[in-house]
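Q: Handing you this structure, nothing more for now.
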Amino acid sequence: AIDILKNVLQAPRYDLANLRASLKDTVAVPVDFGALTTNAGWRAVDLVADIPDLGTGVDVAQWQFRKRVRIAAGGIQQLELDWEVLSRAGTSGADLRLLREGRQIPFLLERTALSRSREVPLKPADDPKRPTVSRWQITLPHASLPLTRLTFTTPAPFFKRDVRLYEDRPDDRGSPMRIQLSSTVWVRNPGKAAAPLPLDLTLAPVTDTLILEIENGDNPPLELRHPEAWCPVIRAVFKSPAEAETWLYYGNRKVGRPQYDLELAAPRILAAEKGKASLGAEERLKAGGWGDGSGWGGKAGWLFWTALGIVVAGLIFVLARLLPKPQSGGNT
């Protein structure tokens, strides 16, 4: 923020400080402040006046989704990406593009230390063959969310449990493959105040269905309440005039991260006063492909192998009809 500090006055330095020792016995006279007034000579300094709000054009034919960006007032905008965008854009956000009039709007992707939570459905899914294990199914609002944590509450006064979280991801052939996303030990000692039970994820999920398992041993199962999923707050920061027709495009895993000169002015932009832009409803621009990794999840695998099986069965049937039939009976 060095560029910003150049526009801010430094603390004053007076020679009076050298007289500190001789003034220590001087009687101070109290002074009252008058009414607050504005400084008629003050002029606001636009720290981002030289920053352009439009860049080069881009062909968005390969992007699958877009959302309208609503902008109320001109200037530096702060646009928080919702969970739908986070799930489709990938963890890197490389395919995010802001467009107006067919041209890119340079932006900074701000990864904050904040997180937002959303309560998610939780239903029992116990396995009768494992009576000492409590098992739950968690359904997320979207697949491929960059989740960082799950939290739960329980009324149990004290306990110690081994906890595991995993999902069944489809492999290259569409078969489920178990992937562990987190493991921990939940402990609550007697007399301790109740607090949410955290489960930090070491891997982000790919599907929208998670399985939570708790080893109970010879203890009664825990009653879990208020399951919440947590995602990081990620924002796009950019400059725009008011009420401009602006779109956010995403859903193209084959494209690389954009490179904008705007990054050189990041301290000024992030320190400037920002308006809050918001996102509209999602629009699908094209059907998902077989290998783009967005929208299909595990469907691409089993659809491919099902279609291949049908083709092979058809070929076998045709070949069987073309082969000559065996002669029946002996010589006459």
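The values are calculated or read from the model by the stated rules, or taken from the named source; none is laboratory data. Owing to the predicted nature of the structure, the values given are computational and were not obtained by experimental measurement. Reconstructed Cβ throughout: ideal geometry from the backbone, glycine too, with neighbour counts over all protein chains shown. Heavy atoms of the whole protein, side chains included, go into the accessibility calculation; ligands, DNA and RNA do not. Shrake-Rupley method; radii C 1.70, N 1.55, O 1.52, S 1.80 Å.
Q: One residue is enough: does the range 205-216 have a residue meeting the conditions closer than 30 Å to D59 by Cβ, surrounded by 15 or more Cβ atoms within 10 Å (Cβ to Cβ) and not acidic (D, E)? Give the steps one after another, and end with the answer.
A: Filtering the range 205-216 down to residues closer than 30 Å to D59 by Cβ leaves 206.
If we keep only those that are surrounded by 15 or more Cβ atoms within 10 Å (Cβ to Cβ) as well, we get 206.
Among the residues that remain, those that are also not acidic (D, E) are: 206.
Looking through the range 205-216, at least one residue is closer than 30 Å to D59 by Cβ, surrounded by 15 or more Cβ atoms within 10 Å (Cβ to Cβ) and not acidic (D, E).
Q: In the range 268-284, what count of residues is obtained for those that are modelled with pLDDT under 90 and either open to solvent by 20 Å² or more (accessible area, probe 1.4 Å) or among the small types (G, A, S) (or both)? Explain how you work it out, then say what you get.
A: Start the filter on the range 268-284 by keeping residues that are modelled with pLDDT under 90, which leaves 268-273.
Restricting the remaining residues to those that are either open to solvent by 20 Å² or more (accessible area, probe 1.4 Å) or among the small types (G, A, S) (or both) gives 268, 270-273.
So the count comes out to 5.
Q: Consider A195 against the criteria (1) of a type in the set (A, V, I, L, M, F, W, C); (2) within 27 Å of W83 (Cβ to Cβ); (3) in a strand (DSSP E or B): it satisfies all of them except one. Which criterion is unmet?
A: It fails just one condition, (3).
Q: Moving on. Given (1) closer than 17 Å to S115 by Cα; (2) without any contact (Cβ under 8 Å) to a residue 60 or more places away in the chain; (3) open to solvent by 50 Å² or more (accessible area, probe 1.4 Å); (4) not charged (D, E, K, R), where does V185 come up short, assuming only one miss?
A: So the condition that V185 fails would be (1).
Q: Right, next: Hey, can you tell me all the residues within the range 160-173 that are open to solvent by 20 Å² or more (accessible area, probe 1.4 Å) and either out of contact with any strand residue (DSSP E or B) (no Cβ under 6 Å at 6 or more places or on another chain) or within 26 Å of V85 (Cα to Cα) (or both)? Walk me through it before giving the result.
A: Of the range 160-173, the ones open to solvent by 20 Å² or more (accessible area, probe 1.4 Å) are 160, 162, 164, 168-173.
Once the filter is applied, which keeps residues that are open to solvent by 20 Å² or more (accessible area, probe 1.4 Å) and either out of contact with any strand residue (DSSP E or B) (no Cβ under 6 Å at 6 or more places or on another chain) or within 26 Å of V85 (Cα to Cα) (or both), the range 160-173 yields D168, R169, P170, D171, D172, R173.
Q: Return yes when P124 is modelled with pLDDT under 95, of a type outside the set (K, R) and over 30 Å from L54 (Cβ atoms) and no when it is not. Walk me through how you get there before you give the answer.
A: Values: modelled with pLDDT under 95: no; of a type outside the set (K, R): yes; over 30 Å from L54 (Cβ atoms): yes.
In short, no.
Q: Another question about this same structure. State which residue is most open to solvent (accessible area, probe 1.4 Å) when the search covers only the range 17-46 and only residues that are of a type in the set (S, T, Y) and under 30 Å from A272 (Cβ atoms).
A: Step one: list which residues in the range 17-46 are of a type in the set (S, T, Y), which gives 22, 26, 37-38.
Now narrow it down to the ones that are under 30 Å from A272 (Cβ atoms): 37-38.
Numbers: T37: 111, T38: 130 Å².
Checking each candidate, the answer is T38.
Q: State the number of residues belonging to the range 218-233 that are more than 11 Å from the chain's Cα centre (by Cα) and in a strand (DSSP E or B).
A: The first filter runs over the range 218-233 and keeps only residues more than 11 Å from the chain's Cα centre (by Cα), leaving 218-229.
In the following step, the residues that additionally are in a strand (DSSP E or B) were identified as 225-229.
Total meeting the criteria: 5.
Q: Out of the range 83-110, which residues are assigned to a strand (DSSP E or B) and either without any contact (Cβ under 8 Å) to a residue 60 or more places away in the chain or in contact with a His (Cβ under 9 Å, 6 or more places away or on another chain) (or both)? Outline the logic, then answer.
A: Kept after step one, since they are assigned to a strand (DSSP E or B), are these residues of the range 83-110: 97-100, 103-104, 107-110.
Within the range 83-110, just R103 meets the criteria.
Q: Read through the list (1) over 24 Å from R268 (Cβ atoms); (2) in a loop (DSSP other than H, G, I, E, B); (3) of a type outside the set (K, R), then give the number of the only condition that A73 fails.
A: Condition (1) is where A73 drops out.
Q: Next question. Among the residues in the range 74-83, are any over 26 Å from Q64 (Cα atoms), more than 19 Å from the chain's Cα centre (by Cα) and buried (at least 19 other Cβ atoms within 10 Å of the Cβ)?
A: Initially, the range 74-83 is screened for residues over 26 Å from Q64 (Cα atoms), giving 74-76.
Adding the requirement that they be more than 19 Å from the chain's Cα centre (by Cα) leaves 74-76.
Filter once more, so that each one left must be buried (at least 19 other Cβ atoms within 10 Å of the Cβ): 76.
Yes: the range 74-83 contains one or more residues that are over 26 Å from Q64 (Cα atoms), more than 19 Å from the chain's Cα centre (by Cα) and buried (at least 19 other Cβ atoms within 10 Å of the Cβ).
Q: Could you tell me whether the range 253-267 includes any residue that is within 16 Å of the chain's Cα centre (by Cα), surrounded by 17 or more Cβ atoms within 10 Å (Cβ to Cβ) and either in a loop (DSSP other than H, G, I, E, B) or in contact (Cβ under 8 Å) with a residue 40 or more places away in the chain (or both)? Don't jump to the end; show me each part of the working.
A: Here is the first cut: in the range 253-267, the ones within 16 Å of the chain's Cα centre (by Cα) are 253.
Among the residues that remain, those that are also surrounded by 17 or more Cβ atoms within 10 Å (Cβ to Cβ) are: 253.
After this cut, where a residue has to be either in a loop (DSSP other than H, G, I, E, B) or in contact (Cβ under 8 Å) with a residue 40 or more places away in the chain (or both) as well, the list is 253.
Yes; the residues of the range 253-267 include at least one that is within 16 Å of the chain's Cα centre (by Cα), surrounded by 17 or more Cβ atoms within 10 Å (Cβ to Cβ) and either in a loop (DSSP other than H, G, I, E, B) or in contact (Cβ under 8 Å) with a residue 40 or more places away in the chain (or both).
Q: List pairs: first in the range 310-327 and on the phi > 0 side of the Ramachandran plot and open to solvent by less than 100 Å² (accessible area, probe 1.4 Å), second of a type in the set (D, E) and at pLDDT 70 or above, Cβ under 8 Å, 6+ apart or cross-chain?
A: Close Cβ pairs (under 8 Å, with a partner that is of a type in the set (D, E) and at pLDDT 70 or above) do not exist here.
Q: Additional query: Give me a count of the residues in the range 49-108 that are closer than 16 Å to G256 by Cα, of a type in the set (K, R) and out of contact with any Pro (no Cβ under 8 Å at 6 or more places or on another chain).
A: Total satisfying the criteria: 1.
Q: Name the pairs whose Cβ atoms lie under 6 Å apart, with the first residue in the range 48-68 and outside any loop (DSSP other than H, G, I, E, B), the second among the acidic types (D, E), and 6 or more positions between them or separate chains?
A: Short answer, once both residue conditions are applied: F65/E282; R66/E283; K67/E282.
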